[in-house]
Amino acid sequence: MFDKSQLMRGTLEGCILKIISLEVTYGYEIMIKLTGYGFADIREGTIYPLLVRLEKKDLIYAEFRPSPLGPSRKYYFITKSGIEALNSFEAYWKSISVAVSKILTLEVK
Amino acid sequence: MANQLEKLRKENNVLDKQLSKENNTIIMDMVCYLRSSDLCEYDIENIRKELTGMALEAQLRNENFNDVAGDDYKALCDELMKNGRQKTLYEKALEILYVLVYGIGTLYLAEILFSSTIINIFKFGQFAMPITSGFLVSTFFAVVIAFSVYNYFTKNSFELSNHNRKTQIIFIIGFTAVWTVVLLFRVFMGKTVLWSINFLYPTVFLAIAFVLIKRLEDQHVNNIFKTYK
C-alpha cells in the first residue's frame, strides 16, 4: 500500500504555513482548519512535530498568550523566510499538481 | 538572574497538578522518554508545557488525550525528537560534567561522613583522608550504574509504565544485585589505602567545579531563553 506519510508531511507543512500566513493561530485551531478543508485523520499530535520543525527552521515563531480555556496557548506567526518558503511551496505545488493530475488521468491502452 | 529552565520546570509542575491521573501518567512517560534523546533540556520543558496544555484543553473539552495526540505516544515523541533542536557539543559536555561533579561530590561527602575521616577531623584535628581502592571502585561503579539506570528508565518509560510486572521485577532484582556488589567492593576493599589526601583539596575543587558548571549552565539557558523571546 502507498506510504502517505512522506507526501503528507511536505504537503501539511505548506498548508500550515499558508494558514499561519493568513492569521495568527494556535495548534488546535490549525488542526480544526485542516480537518475542515478535508484533511482526514489529522490530530493536534500530527501537526505538533511539524510546528516544532517549522519553528526550528525559523519559518514560523511563537509566543504564549493567555487562553480562555486552560493554560496559556502557543500562538504561531509566520516569518519573512516563512513567507518565502510558502511562495516557493505554492509555485512548486501548482506545477507538480498539474503534472500529477495529467499522469493520473492517463488511461490504459 | 534565575535559571529560566528552573522557572519553566516549576511552572510545569504547577500545571501538572491540574492534569487527570491518566493524563499525568501519559505526559510523564512522554517527557521521561524525551529525556533519553538528544533534545536540549530547555526544549524538553517547553514541549512538556505544550503537551500539558494540549492535555488540559482536551480535559476541558471532555476529550481523551489520545483524541488529541493520537494513540501512539512513542511515535509522537520520536517525531518530536527528530524535528526538535538537538543538544550542541557544549550542552552535552556541560550536562555530563554537572552529573559527574554532582555524583562524585555526593559520594565523596558520604565517604567523609561515614568513614574515619570525620572522627579524625573533629577528634584529632587531622584533615588527612585515606583514599581506599574500595572508595574509588565503588564510586566508579556508582556513577556508571547511575548513568545506565537513567538511560534504561528513560528509553523504556512506556514499557515500564505499562505495568509490565516481569520487566519491573527483573529491573529491581538487577538494580539490587548491582548495588550489593558495589557495597561489597566498598566494605571489603575499604581497608586497602592507596594514598592519603587533605580532605579540603577535593572538597574545594568539587565545590568550585560545581559552582562554575552551574553558572555556565544558567548563563547558557538564559541565553537560549533570550533567543526564544
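Projecting the Cα atoms of A:I96, A:I78, A:P68 onto the dipole axis of the stretch A:68-109, where Lys and Arg carry +1 and Asp and Glu carry -1 at the beta carbon, places A:P68 farthest toward the positive end.
A dipole drawn for the protein assembly as shown from +1 and -1 charges on Cβ atoms has a positive end, and of B:L94, A:G36, B:N46 the residue lying farthest that way is B:L94. Between B:D71 and B:N222, the FRET efficiency estimated from the beta carbon spacing at R0 = 41 angstrom works out to 0.60. Amide H to amide H, with H built 1.01 Å from N, A:Y75 comes under 5 Å of A:E63, A:F64, A:R65, counting only residues 5 or more places away or on other chains.
Legend: mean number of C-beta atoms from other chains within 10 angstrom of residue C-beta atoms, peptide A:19-29, equals 1. The amide H of B:M129, built 1.01 Å from its N in the peptide plane, has B:I197, B:N198, B:F199 as neighbours under 5 Å, considering only residues 5 or more places off or on other chains.
The long axis of helix B:133-155 is offset from the longest Cα principal axis of chain B by roughly 0 degrees.
Mind counting lysine pairs for me in the stretch B:89-228? Cα separation below 24 Å, and the two need to be 8 or more apart along the chain or on different chains.
Details: B:K92/B:K155; B:K92/B:K214; B:K92/B:K226; B:K123/B:K191; B:K155/B:K166; B:K214/B:K226.
For the stretch B:89-228, the number of qualifying lysine pairs is 6.
Here the spin labels are modelled as points 7 Å beyond Cα on the Cα-Cβ line, and at B:W195 and A:F39 they lie 6.3 nm apart. Taking the Cα atoms only, what angle lies between the long axis of helix B:89-114 and the longest principal axis of chain B, rounded to 10 degrees? Approximately 50 degrees, to the nearest ten. Peptide A:35-48 is shielded by partner chain Cβ atoms: per residue, an average of 4 of them sit within 10 Å of its Cβ. Helix B:73-83 and the longest principal axis of the C-alpha atoms of chain B enclose an angle of approximately 80°.
By the helix-only formula, in which each DSSP H run with n ≥ 4 contributes -39500 (n - 2.57) and the sum is divided by residues, chain B has a 222 nm mean residue ellipticity of -25000 deg cm²/dmol. Computed from point charges on the beta carbon alone (+1 for Lys and Arg, -1 for Asp and Glu), the dipole magnitude for the protein assembly as shown about its Cα centre is near 520 Debye. This ranking places B:L184, B:L15, B:L56 by how few other beta-carbon atoms lie within 10 Å of each, fewest first, which gives B:L184, B:L15, B:L56.
Which helices count as membrane-span-like in chain A under these terms: full DSSP H, at least 20 Å along the axis by C-alpha, Kyte-Doolittle mean of 0.0 or more? Could the numbers behind the result be given before it?
Numbers: long enough: A:5-22 (25 Å, 0.81); A:80-104 (35 Å, 0.36).
Counting only whole DSSP H runs, the qualifying helices are A:5-22, A:80-104.
The relative contact order of chain B comes to 29 percent, based on Cα pairs under 8 Å that sit 6 or more residues apart.
Read-outs throughout are calculated quantities, based only on the coordinates presented, and are distinct from any laboratory measurement. All values reported here derive from a predicted model rather than from experimental measurement. Cβ coordinates were reconstructed from backbone atoms using ideal geometry, including for glycine residues, and neighbour counts include every protein chain displayed.
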